[in-house]
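None of the figures in this text is laboratory data; all of them are computed from the coordinates on show. Since the structure is predicted, the reported quantities are computational estimates derived from the model, not experimental observations. Methodologically, a virtual Cβ is constructed for each residue, glycine included, from the backbone with ideal geometry; neighbour enumeration extends over all protein chains shown.
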Amino acid sequence: MIQTGVSFQENENRTMIKEMVRDFAEKNIRKNVMEWDEAQHFPIELFKELGQIGLMGVLVPEEYGGSGFGYQEYVDVIVEVAKVCGSIGLSLAAHNSLCTGHILAFGNEEQKAKWLPKLATAEWIGAWGLTEANTGSDALRMQTTAVLDGDEYVINGAKNWITHGKSGDVAVVMVRTGEAGSSKGISAIVVERGTPGFSAGKKENKLGMRASETTEMVFDNCRVPKENLLGVEGEGFKQAMKVLDGGRISIAALGLGIAKGAYEAALAYSKERQQFGQSISSFQGISFKLADMATEIEAADLLIRQAADLKNRHQPVSKESAMAKYYSSEVAVRCATEAVQIFGGYGYTKDFPVEKFYRDAKLCTIGEGTSEIQKIVIAREIMK
């Protein structure tokens, strides 16, 4: 067993951050949730505000304009936002963990100084491109290529399901620089918006997470300076897997926030709703649902805290982050489903918040590695 240093005592800093994020979400997000969802509006202006209060560079050191916090605080931020709106939580997580996180982990000094201050303040929004139309879980077979021509890489291909694929100002893109199907044939390159040959394709019309932009990124003879290569050629896949280890903690936190939001709404409603002359919370059929939800939420929280602690201490985290992501995402789906049931007919309408939690939750079991992929990762780790 790995000894972990999880403290069950929340420090003052974390309490303050949670209160700040909760206040921000109540004032700036809650009133717009349904409008953004129905219009599929990606509120860039909101992310600029989040950048001003340090939430777009949570893990970025202060020397690069970030907040310099650890993973426990980062989890708190995402949970508090996702309790109000999953879409905003998702975009926050993708910007912080994937694009910004990749440059922070694998960029050289010059690259970090160039891009991190813009990302940490949300002057620039970040995107991260791994998935393609024919390579979802099977990322090694990617077809997007980069060929070195003099001092530039020429990129051709397309990336799909990319958060901020259109509005992002900068993207970290995984490209094939070597043999197809080889883990050493993939490299990570930073591409800035406005580079000739880099454009946005189709925007996806999604079931949930509708205020978080998901589009295709297209590269047509896109020429990028070779200085934009992160690390060395052929290391991109290894880097991406490391980035996803941390990214999974953020998707786990996203699921936890959605689960908590659905549970809290259902708990409050069950106390107010009267049937047969008493509140429905007094019926065992309802109170047992709430007891199950509360227990699963606590268990998910503990798995996430363990993974966050290991990550803070730079320990291996593949198994723990996969467990946290797998469990938390499935709990989000179960809690949202039960919340709709507790609300009954009202839960099926857009006048109450739980139908949105229900739609948003499902993404957590799919994005950044499906539940099935998490089980492969966990199984591989426990068989070692």
**Square roots of 5 times each gyration tensor eigenvalue, C-alpha, region 12-125, largest first, Å** = 24, 16, 11
**Message:** If I model a spin label at M16 and S167 as a point 7 Å from the Cα along the Cα→Cβ vector, what separation in nanometres do I get?
**Reply:** 3.0
**Request:** Once you've got the GNM for the chain with C-alpha springs shorter than 10 Å, pick whichever of Q315, Q278, Q143 has the biggest mean-square fluctuation.
**Result:** Q278
**Prompt:** How much length, in nm to one decimal, is gained on full extension between T349 and E49, taken as 0.36 nm per residue of separation minus their Cα-Cα distance?
**Reply:** 104.9 nm
**Asked** Which of [x] 20.8, 79; [y] 20.5, 61; [z] 23.1, 86 is the computed Rg and Dmax of the Cα atoms in Å for the structure on display?
**Response** [x]
**Prompt:** By DSSP, what percent of the beta bridges with both residues in the chain are antiparallel, rounded to the nearest 5?
**Reply:** 85
**Prompt:** Full extension from E109 to K375: what is 0.36 nm times the residue separation minus their Cα-Cα distance, to one decimal in nm?
**Reply:** 92.1 nm
**Message:** Restricting to Cα pairs below 8 Å that are 6+ residues apart, what does the relative contact order work out to for the chain? Please round to a whole percent.
**Reply:** 17
**Item:** Rg/Rg_ref, region 127-235, where Rg_ref = 2.2 N^0.38 Å and atoms are Cα
**Value:** 1.02
**Prompt:** For region 78-136 and region 320-384, what is the separation of their C-alpha centers, rounded to whole Å?
**Reply:** 22
**Message:** Longer than 21 Å from Cα to Cα, which of K319/K384; K202/K226; K18/K118; K83/K242; K27/K289 are they? Say none if no pair is.
**Reply:** K202/K226; K18/K118; K83/K242; K27/K289
**Message:** As an exercise, use a Förster radius of 22 Å and the Cβ-Cβ distance of A291 and F8 to find the FRET efficiency, rounded to the nearest 0.05.
**Reply:** 0.55
**Item:** Rg in Å to one decimal, and Dmax rounded to a whole Å, for region 234-384 via C-alpha atoms
**Value:** 17.6, 68
